[in-house]
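Peer 1: Mind having a look at this structure? Questions to follow.
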Amino acid sequence: MKRIFKTFLSFLIVALAVEVGILIMTKVAKWDNFELGRPFLAAVHVHLMAMGALFFLIQVVLEKAFSISSAKLYNAFYIVFLTGFSIVIATMFYKGAAQIFGFEIIRGITEGGAAVGHTTTFVSLFLFAACLYEKAVKKPPEDEK
């Protein structure tokens, strides 16, 4: 329970820090939201809040109800999710910084990073589904009688 809550809190803090960083970066680069529109970096904050903080907040509730962290595949899910999601966020941050500061994007980094990161995150969600199935859906042997 503590690990899940600390992960939720970490994503919340990082999302806030990224938003502040984005505001500073757009001011330094003289990015005008009204003329140029919202920068791609804004999506980084949204992803951190939704897939990071909100997802792990939901897991806190599921942990209290079903003890999902004791599922066989939970540690694998946790590691694979954080790895894949970190790749996605790093790729998005790179693309957004390139947009704001006007440097050329190396397409292999953005396309490859997005593909690997999203695929890894997607696989981790299947692992999470298996954890939920084991702890919340599948009936214990004594209930099947």
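Peer 1: Across the stretch 30-42, which residue is nearest to the chain's Cα centre (by Cα) among those that are in a helix (DSSP H, G or I) and more than 13 Å from Leu16 (Cα to Cα)?
Peer 2: Taking the stretch 30-42 first, the residues in a helix (DSSP H, G or I) are 33-36, 42.
The next check asks that each one be more than 13 Å from Leu16 (Cα to Cα); those that pass are 33-36.
Details: Asn33: 25, Phe34: 28, Glu35: 30, Leu36: 27 Å.
Ranking the qualifying residues of the stretch 30-42, first place goes to Asn33.
Peer 1: With over 27 Å from Val28 (Cα atoms) and among the hydroxyl-bearing types (Ser, Thr, Tyr) as the only criterion, which of Tyr94, Tyr74 stands out? It would help to see each step written out before you state the result.
Peer 2: Working: Tyr94 fails: over 27 Å from Val28 (Cα atoms).
Just one listed residue meets the conditions, Tyr74.
Peer 1: While we're on this one: Could you check Ala42 against (1) within 25 Å of Gly108 (Cβ to Cβ); (2) hydrophobic (A, V, I, L, M, F, W, C); (3) crowded, with 20+ Cβ neighbours inside 10 Å and say which number it fails?
Peer 2: Result: Ala42 passes all but (3).
Peer 1: Could you list, in sequence order, the residues of the stretch 103-122 that are surrounded by fewer than 16 Cβ atoms within 10 Å (Cβ to Cβ) and touching a residue at least 24 places away in the same chain (Cβ under 8 Å)?
Peer 2: To start, the set of residues in the stretch 103-122 that are surrounded by fewer than 16 Cβ atoms within 10 Å (Cβ to Cβ) comprises 103-112, 114-116, 118-119, 122.
Listed by number, the residues that qualify are Ala114, Val116, His118, Thr119, Phe122.
Peer 1: When the stretch 80-96 is examined, which residues are found to be of a type in the set (A, V, I, L, M), touching a Leu at 6+ places or on another chain (Cβ under 9 Å) and under 12 Å from Met51 (Cα atoms)?
Peer 2: Of all residues in the stretch 80-96, those of a type in the set (A, V, I, L, M) come to 80, 82, 87-90, 92.
Still in the list and also touching a Leu at 6+ places or on another chain (Cβ under 9 Å): 80, 89, 92.
Once the filter is applied, which keeps residues that are of a type in the set (A, V, I, L, M), touching a Leu at 6+ places or on another chain (Cβ under 9 Å) and under 12 Å from Met51 (Cα atoms), the stretch 80-96 yields only Ile89.
Peer 1: Would you check which residues across the stretch 123-136 are crowded, with 19+ Cβ neighbours inside 10 Å and closer than 20 Å to Met49 by Cβ and list them?
Peer 2: Passing the criteria: Ser124, Phe128.
Peer 1: Go through (1) surrounded by fewer than 16 Cβ atoms within 10 Å (Cβ to Cβ); (2) assigned to a helix (DSSP H, G or I); (3) touching a helix residue (DSSP H, G or I) at 6+ places or on another chain (Cβ under 9 Å); (4) of a type outside the set (A, V, I, L, M, F, W, C) for Lys27 and report which single condition fails.
Peer 2: Among (1) surrounded by fewer than 16 Cβ atoms within 10 Å (Cβ to Cβ); (2) assigned to a helix (DSSP H, G or I); (3) touching a helix residue (DSSP H, G or I) at 6+ places or on another chain (Cβ under 9 Å); (4) of a type outside the set (A, V, I, L, M, F, W, C), Lys27 violates only (3).
Yes or no, residue by residue, for (1) aromatic (Phe, Trp, Tyr); (2) within 21 Å of Lys6 (Cβ to Cβ); (3) touching a Phe, Trp or Tyr at 6+ places or on another chain (Cβ under 7 Å); (4) free of Cβ contacts under 8 Å to residues at least 12 places away in the same chain:
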| site | (1), (2), (3), (4) |
| --- | --- |
| Ile24 | no, no, no, yes |
| Ala43 | no, no, no, no |
| Val46 | no, no, no, yes |
| Ala65 | no, yes, no, no |
| Ile79 | no, yes, no, yes |
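Peer 1: What is the one condition in (1) farther than 26 Å from Ile24 by Cα; (2) of a type in the set (A, V, I, L, M, F, W, C); (3) more than 18 Å from the chain's Cα centre (by Cα) that Ile106 does not satisfy?
Peer 2: (1)
Peer 1: Could you list all residues from the stretch 104-123 that are more than 11 Å from Met92 (Cα to Cα) and either of a type in the set (Lys, Arg) or assigned to a helix (DSSP H, G or I) (or both)? Outline the logic, then answer.
Peer 2: Taking the stretch 104-123 first, the residues more than 11 Å from Met92 (Cα to Cα) are 104-108, 112, 115-116, 118-123.
Those that are more than 11 Å from Met92 (Cα to Cα) and either of a type in the set (Lys, Arg) or assigned to a helix (DSSP H, G or I) (or both): Arg107, Gly108, Gly112, Ala115, Val116, His118, Thr119, Thr120, Thr121, Phe122, Val123.
Peer 1: What number of residues within the stretch 95-136 satisfy the criterion of being acidic (Asp, Glu) and closer than 21 Å to Thr83 by Cβ?
Peer 2: Start the filter on the stretch 95-136 by keeping residues that are acidic (Asp, Glu), which leaves 104, 111, 134.
With closer than 21 Å to Thr83 by Cβ added as a condition, the list becomes 111.
Here the count works out to 1.
Throughout, read-outs are computed from the coordinates displayed, never taken from laboratory work. Predicted model, so just to flag it, every value in this text is computed and none were measured. As a convention, Cβ positions derive from the backbone with ideal geometry for all residues, glycine included, and neighbour counts pool all protein chains shown.
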